[in-house]
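Report on one structure; see the data block that follows.
The values are calculated or read from the model by the stated rules, or taken from the named source; none is laboratory data. Everything numeric here is computed off the predicted structure, so don't read it as measured data. Note that we place each Cβ from the backbone using ideal geometry, even for glycine, and neighbour counts take in every protein chain shown. For the accessible areas, the whole protein counts, side chains as well, though only heavy atoms, and no ligand, DNA or RNA atoms are used. Shrake-Rupley method; radii C 1.70, N 1.55, O 1.52, S 1.80 Å.
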Amino acid sequence: MNASTSAAGTRDALSNPDAPHPLPVGVNLHARKQIDSTAILCAHALAIELEAQARYRELAAHMTDSGNDAVAELFGRLAEFEGEHASRLAMKFQDADVPLLAPEEYAWLDSGAPVPEARAFVYRMMTPHMALAIALSAEERARAFFERVRMEARDASVRELAVEFALEEEAHIAWVSEAIARQPQPYQPSDDQPGDPAIEQQR
């Protein structure tokens, strides 16, 4: 794959982050391939940023529909940050041979594209606390990935870039953690109330 093909795929994903794109979601910590160049690390970072942008937009829309404007605002802000960072990365490495990663290497909610009905069901059942927990888990996996690269990379420029990416994930983790702390504690089922009253289908 040449640089022009990679750059074109990145530009397409950035121009329409809600559409299926070749740079997928989350972080697969089981992938133990050595990150031996800044271009390869950039490919992983772009995959993480673009998927996070798409998922945060989905979560923001869901929270808006559910009437939780505070969490929707946070998710919307995070979507903007992820998109801006992805754009900066694409510009910075536009002349590099940045590879496109296989979709199955990354996942937030799933490792494949679910049918629309299944995804809609997941979102209908999702409370603000659940949505924030999913986001926090994804951000923590991303940070762990970049920290592993920092520890294992032999190239100093790769380690330096990994530190930069890990610090950005740390900031996102702090924002999501603060939002979780402001949320009511998750519902604990009992014999008298086995279903979560916050979820419409369980009332």
Query - Vicinal HN-Hα couplings computed from phi for the stretch 68-80 (Karplus, 6.51 cos²θ - 1.76 cosθ + 1.60; Hz; Gly/Pro x) - result: 9, 5, 5, 5, 4, 5, 4, 4, x, 5, 5, 4, 5
Query raised in the report: So what J values fall out for the stretch 52-59 if you push phi through Karplus, 6.51 cos²θ - 1.76 cosθ + 1.60 with θ = phi - 60°, rounded to Hz, Gly and Pro as x?
Result: 4, 4, 5, 5, 5, 5, 4, 5
Report task. Give me the net charge of L132's neighbourhood, meaning all other residues with Cβ under 11 Å from the Cβ of L132; Lys, Arg count +1, Asp, Glu -1. Result -> -1
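Would you mind calculating the gained length between A144 and D95 on full extension (0.36 nm times residue separation, minus the Cα-Cα distance), in nm to one decimal?
Working: separation 49, 0.36 × 49 = 17.64 nm, distance 2.78 nm.
Using 0.36 nm per residue and subtracting the Cα-Cα distance, I get 14.9 nm.
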Report summary line: Note to self: with every protein chain in place and a 1.4 Å probe, the stretch 127-190 gives an accessible area per residue in Å² of 52
**Report entry** Evaluated at q = 0.15, 0.25, 0.29 Å⁻¹: base-10 log I(q)/I(0), Debye formula over Cα of the stretch 29-90
**Finding:** -0.53, -0.92, -1.07
